[in-house]
Amino acid sequence: MFGTSLLLALKEIRRHKMRSFLTTLGIIIGVASVVTMVSLGNGATQSVQDQVSSLGTNMLTIRPGQGFGRGGGSRPTLFDLDDVEAIRTQIAGIRVVAPQTSTQSTAIFEAQNWSTTVAGTTNEYFQASNLELADGRLFSDAELAAGKSVCIIGETVRANLFRNTDAIGKSLRLRDISCRIIGILAKRGQGGFGQNADDQVVMPLKTAMRRLNGNQDVQTIQVAVEQQFDSGAIDDEISSLLRERRHLRPGMEDDFSIFDSKQLSDTLSGTTETLTMFLGAVAAVSLVVGGIGIMNIMLVSVTERTREIGIRLAIGAVRREVLMQFLIEAITLSSIGGFIGLVVSFAATTVISFGVGLPFMFDFGIAALAFFFSALIGILFGYFPAKRAASLNPIEALRHE
Amino acid sequence: MTSLIKVRGLTKVFGAGPNQFKALRGVDFDVDSGDFIAVMGASGSGKSTMMNILGCLDVPTTGGYRFMGHAVERFTQDQRALLRRRYIGFVFQGFNLLARTSALENVELPLLYRGESRAARHRGGMAALERVGLAAWADHTPAELSGGQQQRVAIARALVTEPQVLLADEPTGNLDSERSVEIMELLTNLNQEGGLSIVMVTHEPDMAAYARTIVRFKDGVVLAVERREECIDVRH
Ligand SMILES: Nc1ncnc2c1ncn2[C@@H]1O[C@H](COP(=O)(O)OP(=O)(O)OP(=O)(O)O)[C@@H](O)[C@H]1O
Ligand SMILES: [Mg+2]
């Protein structure tokens, strides 16, 4: 009996190509859109998380003044090395503290020049910012202590000044000082927030203070928090320490700000998760619309199909045979549609991810869910009208209008 | 002769309330095994309604129906389907062929539901089409066939299972007289040689002349049953 029904189902599908195609199309569109959108949303989330983690997780950046750029009127008091020392010694749970100064300057090598950021800092800076060397070495203790004229350059600077030649051991000119290149940073690529880590020249803090800036001010302090400590709590501790050192009375606003990379990463992941959910919701709507499309086709064809059922019953089919045929038809169309939908979404996700530069994150869970949902709709709307028709007397089914 | 079909007090009421219509008002009717009956009567007198009930395609409102001794009115839907499948060939007044389906596939369909093999279906289907003179049209769908050709496909489909009884509702209604004679000779032959019992609705006395018994219908009741001694003999 199953063989008979299977044979008849496949024949009917082939006979009514347009009807079969339209039914399948609803499922293809539904499945493909849901799976593609959710997969791309996942890719976007992953991409943001990658970028945030490349910034260095659990990192606090302390800046003078409030917020970015705001704080008109008087310039806020900068930090000094005593502040850095106080944080290093009085706060528990800190992995590294990196004081930092930074100025804009033009770096010159022979006939090439390149305007870039010059950072004065210690080796801790590389740790805190997750920066690695592609070539050369870090600063030696002696170079740091004596404020020697040495520097480590980012990939962008290297590429602009040296092209394909070896940069290590050559000397750059920055304003009126000349400094020897001892290391080159590994390329980090696009994806940082704020400044581009590839476009900078790093020199010992002391060298920058003495020879470029001419003062002892520290502009930023980067603090890397130990993995097991809560960056939020350490944020608070540093905040009260600095308020004390800067003689801020209760009620007075902070004249510095602490930026927690973990908060940013949480906020961004939260945002992209919301985005994914939103895309998923839009896609779910298209799945439902696809479902309604299937439903329409099924219902429109009910009259024709009811007559068909009447004929089949009249020439000796029993109800089970007719229903089995319709069920197989519905399952076949739904699964073909679902399968094509999955293939389409897989291809679309691959192409779009590649095109936009997102990581490929095909969501198999959603794929399975969408597949079964659409199959369910197809089966429900293919089967139940048939079930009703098959319970009629053949003559009633034949007279159906 | 043994009784194949016996109906007593058959009524059929369509609709309800003021729109109620009594299509059959107490029909008594017998088909003996091997009989060839022509049912005649005015349009709307309930002939098709009775044929549908005899063919187990519809159920009477009241009345008893025995088919080979079985009380059909107590059968379930599926039991009636199996009865149709095994013993009854039915030709609809409106043909009722499956659309977009070739003549051969239409004719093969009852064999498919009987579980016949592919080869047996093809053989049987072609033989049945051959009998009605349509072997050359096997691949055509109903839309590509004339009304008369469709009618002959419907006859082939009813005969393909070699049923015990053929119930044919105006089987020559769409045929020219030459074709009608061919079909009637085919049916008479099956009746006289193969013992096929036939109940046929017709408006044409020429066609009724092939039958042994003529049953006259009027307003949902049987008016008269005429036994004919002189029916046309196709044996030469
Ligand atoms: N499903 C139905 N609902 C309501 N009335 C019906 C239905 N089927 C048949 N009738 C009515 O029953 C009466 C008998 O119909 P039937 O088809 O049996 O006539 P008939 O004798 O076959 O006529 P014809 O020679 O024109 O085919 C008609 O008046 C018809 O309107
Ligand atoms: Mg009629």
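The values are calculated or read from the model by the stated rules, or taken from the named source; none is laboratory data. Small disclaimer: the values here were computed from a predicted structure and weren't measured. Using ideal geometry, Cβ is built from the backbone for each residue, glycine included, and neighbour counts are taken over all protein chains shown. For the accessible areas, the whole protein counts, side chains as well, though only heavy atoms, and no ligand, DNA or RNA atoms are used. Shrake-Rupley method; radii C 1.70, N 1.55, O 1.52, S 1.80 Å.
About the centre of its Cα atoms, chain B shows a dipole size close to 940 debye [charges on the beta carbon of Lys, Arg (+1) and Asp, Glu (-1) only; nearest 20 debye].
Only bridges with both residues in the protein assembly as shown count here: give the DSSP antiparallel percent, nearest 5.
70
I'd like the orientation of helix B:118-131 relative to chain B: the angle between its Cα long axis and the longest Cα principal axis, in ° from 0 to 90, rounded to 10. With both axes taken from Cα atoms, the answer is about 70 degrees. The base-10 log of I(q)/I(0) for the stretch A:218-300, evaluated at q = 0.17, 0.26 Å⁻¹, reads -0.85, -1.21 [Debye formula, identical scatterers on Cα atoms, solvent excluded]. Of all DSSP bridge pairs formed entirely within chain B, close to 55 percent run antiparallel.
Cα centroids of the stretch A:145-219 and the stretch A:357-380: 50 Å apart. For chain A, the relative contact order works out to 32 percent when only alpha carbon pairs closer than 8 Å and six or more residues apart are counted. Bridge orientation summary for the stretch A:97-229: considering DSSP beta bridges with both residues in this region, about 75 percent are antiparallel. Working note: Karplus 6.51/-1.76/1.60 with θ = phi - 60° gives the stretch A:293-305 the couplings x, 4, 4, 4, 4, 4, 6, 4, 7, 4, 4, 4, 6 Hz, where Gly and Pro are set to x. Look at the dipole of the protein assembly as shown built from charges on Cβ: of B:29, A:229, A:343, the Cα furthest out on the positive end belongs to B:29. Surface calculation, 1.4 Å probe, protein heavy atoms: residue B:181 sits at approximately 50 Å² accessible.
Placing unit charges on the Cβ atoms only, positive for Lys and Arg and negative for Asp and Glu, gives the stretch A:97-229 a dipole magnitude near 380 debye about its Cα centre.
Applying the Karplus relation 6.51 cos²θ - 1.76 cosθ + 1.60 with θ = phi - 60° to the stretch A:147-164 yields 3J(HN,Hα) values of x, 6, 8, 10, 8, 10, 10, x, 4, 5, 5, 4, 4, 6, 8, 10, 6, 9 Hz, where x marks Gly and Pro. Dipole of the protein assembly as shown computed with +1 at Lys/Arg Cβ and -1 at Asp/Glu Cβ about the Cα centre; of B:141, A:373, A:274, farthest Cα towards the positive end is B:141. When chain B is treated as a GNM with alpha-carbon contacts under 10 Å, the residue of B:154, B:103, B:135 showing the greatest mean-square fluctuation is B:135.
Between residue B:218 and B:223, the built amide H atoms are under 5 Å apart, and every one of these is 5 or more places off in sequence or on another chain. How far is the Cα center of the stretch A:287-350 from the Cα center of the stretch A:228-277, in Å? Comparing the Cα centres of the stretch A:287-350 and the stretch A:228-277, I get a distance of 58 Å. The relative contact order of chain B comes to 27 percent, based on Cα pairs under 8 Å that sit 6 or more residues apart.
So if we plug the beta-carbon distance of residue B:86 and residue A:292 into 1/(1 + (r/R0)^6) with R0 = 41 Å, what FRET efficiency do we get, rounded to 0.05?
On the way: r = 43 Å, r/R0 = 1.05.
The value I calculate is 0.40.
Working from label points 7 Å from Cα in the Cα-to-Cβ sense, the residue A:15 to residue B:78 distance is 2.4 nm. In a reduced charge model with +1 at each Lys and Arg Cβ and -1 at each Asp and Glu Cβ, the stretch B:95-201 shows a dipole moment near 380 debye about its Cα centre. Computed from phi, the 3J(HN,Hα) profile of the stretch A:166-171 under the Karplus parametrisation 6.51, -1.76, 1.60 (θ = phi - 60°) reads 6, 9, 4, x, 6, 10 Hz, with x in place of Gly and Pro.
Amide H contacts of residue B:204 (H built 1.01 Å from N, in plane; Pro and chain starts excluded): no residue 5 or more places away or on another chain comes under 5 Å.
Accessible surface for residue A:343 stands near 80 Å², nearest 10, in the context of the full protein assembly shown (1.4 Å probe).
For the stretch B:55-103, averaging the sequence separation of C-alpha pairs within contact (under 8 Å, six or more residues apart) and dividing by the residue count gives a relative contact order of 34 percent.
Close amide H partners of residue A:95, meaning residues 5 or more places away or on another chain with modelled amide H under 5 Å apart, are A:224, A:225, A:226.
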